[in-house]
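Please treat every number below as a calculation from the coordinates, not as lab data. Keep in mind that this is a model prediction, so the values were computed, not measured. Here the Cβ is made from the backbone with ideal geometry for all residues, glycine too, and neighbour counts use every protein chain on show.
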Amino acid sequence: MGTAPGEAVAALVSPAGRRDPYPLYEALRAHGPVIPVRSGLTVVVGYAEISRALRDNRLRVQDAASYDVIYPRWRSHSSLRGYTDSMLYRNPPDHARMRRLVSSGFTPARVAAMSESVERMVHRLLDRLADLGAGGAPVDYIAEFASRLPIAVISALIGVAERDQQWFREMASDLTIALEGITNIARLGAADRAMDELAAYFGDLIEHRRRHPADDMLTALVRAHDDGGAQGDGGAQGERGVGREGGARGSRDGGGGARLSHDELVGNLMLLLTAGFETTSFLLGHGLRLAFEHPEQAARLRAEPGRSTSYVEEVLRFETPVQATSRWAETGMELLGTPLEGGTKVVLMLGAGNRDPERFPDPTRFDPDRPDIQPLSFGAGPHFCLGAPLSRMEARIALPLLLRRFPALAAAEPPDHRDRWVGRGLRRFLITV
Ligand code: HEM
């Protein structure tokens, strides 16, 4: 029956698979939506099945206890220690406590209130593109725009001074390597250094905010550390209302109260800084590339910027920035009819789910007019991306402004894709403005 699952999975991380994983997803789909690949590894490629699995609390994220089993020396890496102090590496009940507290600072209202300043940042970056591209000089859209906007936005939210942003961007880029966990141990040296420097920087920033509170996200997060914060909405799909029970466990300096410890506060700041940096730049990169490939869509965005909402959803579906995430079955269980032994890794192929023909008719067609897109690109369930409203807002604002500002915008050469499977994005994209 065509390509064996093991072969298809191995091919995903080959250079050809990294470049174009989509035929491999279809080879996997021929074996069903949930596929046991070998003992200890199951992959999920169906939209509905991925969505169900991400809401199944018997499947756990990688955390300190699981690192202890697979890589006992992981604690020698400060970058890994830092991330395991963040919500993305925590399971119930700890996760809900952390998520509620961080959400109390990173509220949808605070994000929405940023729209005008995001517009200003976009205009400033467009001015820069205009200068750099004057006289027809090719400009790298990724380096000069797509990777600058997300850092400028998150820096403004956290309260990082503008003069520190260049340094901040370099640190974030080094630290992002550690988001891939222990798959990249050889490159963790730079991530560890970035983590140490950023932890010191955040320590000072936190102290400053404690002495000089402001109406900003960091002040709210410092409050979450000091007194448990305001009652925020955890915002997780499928986990609403359970936040307050997250409770005492894991709060190491709150006398048992539902607080964030200092390390957790710093770990979550690192996560906010890095989780949305490359991912949003990938979204902006794909968004422009697809506009060039579909000039009729670019024309519509220029004429009606409000169309960017559905345009961005379709970009997220069609070129999913994070192609996969994973979970672990802690004990033996059955996942949608497939038995899993305890310790099995379950890889949820978001990029495959977003092209599931059962959910999206004619999935290889780029069509922002599809009804009810709802891609899996931000995950689902308790760990649903906390930054989804922010990155959506950035792309919805930036893409139409970019296209309107430069009516003759064009690719100077084909885009250069990153040689990665999970983090799917462009490395370099020379354009003329
Ligand atoms: C296009 C941009 C983005 C994409 C594609 C993306 C994707 C994702 C995905 C797939 C997850 C779930 C991972 C899992 O369940 O294993 C996630 C979680 C998360 N994301 Fe994003 N993200 C983006 C932007 C952002 C931004 C801008 C921020 C913050 C400023 C952010 C912060 C987070 C956080 C804090 C989590 C962890 C939530 C939790 O564990 O409860 N993300 N993201």
> When ranked by the protection proxy of mean other Cβ atoms within 10 Å per residue, highest first, what sequence do the peptides 386-395, 355-364 form?
Replying inline: 386-395, 355-364
> Along the charge dipole of the chain, which of ALA178, ALA27, PRO72 sits closest to the positive end, that is, farthest toward it, with unit charges on the beta carbon of Lys, Arg, Asp and Glu (+1, +1, -1, -1)?
Replying inline: PRO72
> Projected onto the charge dipole of the chain (+1 at Lys/Arg Cβ, -1 at Asp/Glu Cβ, origin at the Cα centre), which of HIS95, VAL111, ALA130 gives the Cα projection farthest towards the positive end?
Replying inline: HIS95
>> For LEU340, what residues show an amide H to amide H distance below 5 Å, using hydrogens built from the backbone and excluding near sequence neighbours?
In response: MET333, GLU334, LEU335
> By average Cβ neighbour count within 10 Å, what is the ranking of 12-22, 276-286, 375-385 from highest down?
Replying inline: 276-286, 375-385, 12-22
> For GLU197 and ALA65, FRET efficiency with R0 = 30 Å and r from the beta-carbon atoms, rounded to 0.05?
Replying inline: 0.60
> What FRET efficiency would be calculated for the residue pair GLN374, ALA112, taking the C-beta separation as r and a Förster radius of 25 Å, to the nearest 0.05?
Replying inline: 0.80
> Per-residue HN-Hα couplings for the stretch 2-16, Karplus 6.51 cos²θ - 1.76 cosθ + 1.60 at θ = phi - 60°, whole Hz, x for Gly and Pro?
Replying inline: x, 6, 5, x, x, 5, 5, 5, 5, 5, 4, 9, 7, x, 5
> When the chain is fully extended, how far beyond the present Cα-Cα distance does ARG405 get from ASP127, taking 0.36 nm per residue of separation?
Replying inline: 99.1 nm
>> About the Cα centre, and with charges only on the beta carbon of Lys, Arg (+1) and Asp, Glu (-1), how big is the dipole of the stretch 32-432? Nearest 20 debye, please.
In response: 260 debye
>> I'd like the distance between the alpha-carbon centres of the stretch 43-120 and the stretch 10-31, rounded to an integer number of Å.
In response: 27 Å
>> Given contacts defined as C-alpha pairs under 8 Å and at least six residues apart, what's the relative contact order of the stretch 32-432, whole-number percent?
In response: 27 percent
> Can you run phi through the Karplus equation (6.51, -1.76, 1.60; θ = phi - 60°) for the stretch 372-385 and list ³J(HN,Hα) in whole Hz, with x for Gly and Pro?
Replying inline: 6, 5, 6, x, 7, 4, 9, x, 6, x, x, 9, 3, 3
> Long-range amide H contacts for ARG428: which residues qualify at under 5 Å (H placed 1.01 Å from N, peptide plane, sequence gap of 5 or more or a different chain)?
Replying inline: ASP416
>> Quick one: 3J(HN,Hα) in Hz for the stretch 132-141, Karplus 6.51/-1.76/1.60 with θ = phi - 60°, rounded, Gly and Pro as x.
In response: 5, x, 4, x, x, 5, x, 10, 7, 4
